[in-house]
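Asks: Below is a structure I'd like to ask you about.
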Amino acid sequence: MKASAARPATDRLARPLNSLRVSVIDRCDLRCSYCMPEEHYTWLPQGDVLSFAEIGTLVGEPAIEDLAMTTNATQLAQLAGPLRQAGLDRVTVSLDSLQSERFKRLVRRDALPQVLEGIRAAGVAGFASLKINTVVMRGFNDDELEALLEFGRQVGGEVRFIEYMDVGGATLWSMDKVFSKTQILARLEERWGPIAPCGPQGAAPAERFRLADGTCFGIIASVTEPFCRACDRSRLTADGLWYLCLYAQEGTDLRRLVRAGHPAEELAAFLRQRWAGRTERGAEERTKAPHRGALYQVEDLRQDPHREMHTRGG
Ligand code: SF4
């Protein structure tokens, strides 16, 4: 969600506090290999999960100017219409393959038909935008870029290709599985000819491009071209820990504050102050790692479920 404020707080790199990603739940009904490849997970204690009223207190509802949801789309066939009616502005869905066997292998569930139905429902529900996120993995789905773009065109969605990231949870990550922005562009150019930039990037993580026929798509090159310098995003986990970076080791416990009954102005002042000290730029730092591999091993993740990407929000 994007907040509107006359003068947003800025951090030590002059990045505004604009965008908050709220996880409403730490569970998922899929098991994608780039996020949840293990057999067992430690879930957040139910009593720690924030109620909707507590989330409302923390996000300061009146200041929201743009509300978007990111989803795996498994429930969207039933919920796209009601969500739009309830005021949701935009939807982003994940879709990494259009081939049912491959999809099944990736997510370890037989869910492609319901996901596609969900995305189609979102396409006709009247959202201001529909984005389709695809994590591109070398040797797995890098031969589907063209098909995914075609699918995006059919459903009225804009595809965003994402480089496979070494975030928490991605225990199977290795650099040789990353299919880079340069390689994505080369692959698409081979098929469709010259590709042009499509407008300024701003704070949005995706760099947008346009094919000769006018189709726009995005690339999120978090691994090869990190964009931390423009990052205005922070994350709130379902149990109320506030992370100022996807790679941050520590989060700030806002659940404690909200449950202690601090007034809204006090909470707002605390958040502004905390943001003012922000220096994080995790993806840029990762590029300096001498032997870059998975960020955490399974044992590290078991010690603290907040290190998991499915807990922190992708
Ligand atoms: S790594 Fe951290 S600072 Fe960089 S873009 Fe991601 S969340 Fe923002």
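Asks: Can you tell me the FRET efficiency between Ala269 and Gln99 if r is taken as the Cβ-Cβ distance and R0 is 45 Å, rounded to the nearest 0.05?
Replies: It comes out at approximately 0.30.
Asks: As a test, work out the antiparallel percent of DSSP beta bridges whose residues both lie in the range 154-246, rounded to the nearest 5.
Replies: The antiparallel proportion sits near 75 percent.
Asks: Restricting the count to DSSP beta bridges whose residues both fall in the range 2-309, what percent are antiparallel, rounded to a multiple of 5?
Replies: Within the range 2-309, antiparallel bridges account for around 40 percent of the total.
Asks: What value, in deg cm²/dmol to 500, does the helix sum -39500 (n - 2.57) over DSSP H runs of n ≥ 4 give at 222 nm once divided by the residues of the chain?
Replies: -8500 deg cm²/dmol
Asks: Let me ask another. So between Arg191 and Thr10, what do we pick up on full extension, going 0.36 nm a residue minus the alpha carbon distance?
Replies: Here the answer is 60.9 nm.
Asks: Using the 2.2 N^0.38 Å rule of thumb for compact globular proteins, work out how the chain stacks up: its C-alpha Rg over that value, please.
Replies: 0.98
Asks: Sticking with this structure for a sec: What is the sum of charges around Trp192, taking Lys and Arg as +1, Asp and Glu as -1, for the other residues whose C-beta is under 9 Å from the C-beta of Trp192?
Replies: The answer is -3.
Asks: To check my understanding: the extent here is largest minus smallest coordinate of the Cα atoms along each principal axis. What are those three numbers for the range 207-313, in Å, largest first?
Replies: Principal extents (largest minus smallest coordinate, Cα): 55, 37, 23 Å.
Asks: Hey, which lysines would be in cross-link range of Lys2, C-alpha to C-alpha under 28 Å, not counting anything within fewer than 8 residues on its own chain?
Replies: Here the lysines satisfying the reach criterion relative to Lys2 are Lys131, Lys181.
Asks: Could you give the angle, 0 to 90 degrees to the nearest 10, between helix 181-192's Cα long axis and the longest principal axis of the Cα atoms of the chain?
Replies: 40 degrees
Asks: What aspartates and glutamates sit close enough to Lys177 to cross-link, taking a C-alpha to C-alpha distance under 13 Å and skipping anything fewer than 8 places away on the same chain?
Replies: Reachable aspartates and glutamates: Asp142, Glu163, Asp166.
Asks: Next up: Got a sec? How would Glu250, Glu280 order by Cβ neighbour count within 10 Å, fewest to most?
Replies: Glu250, Glu280
No lab work stands behind these numbers, since they all come straight from the coordinates. What you see is a predicted model, and the numbers here were worked out from it, not measured in a lab. Positions of Cβ are backbone-derived with ideal geometry, glycine not excepted, and every protein chain shown enters the neighbour counts.
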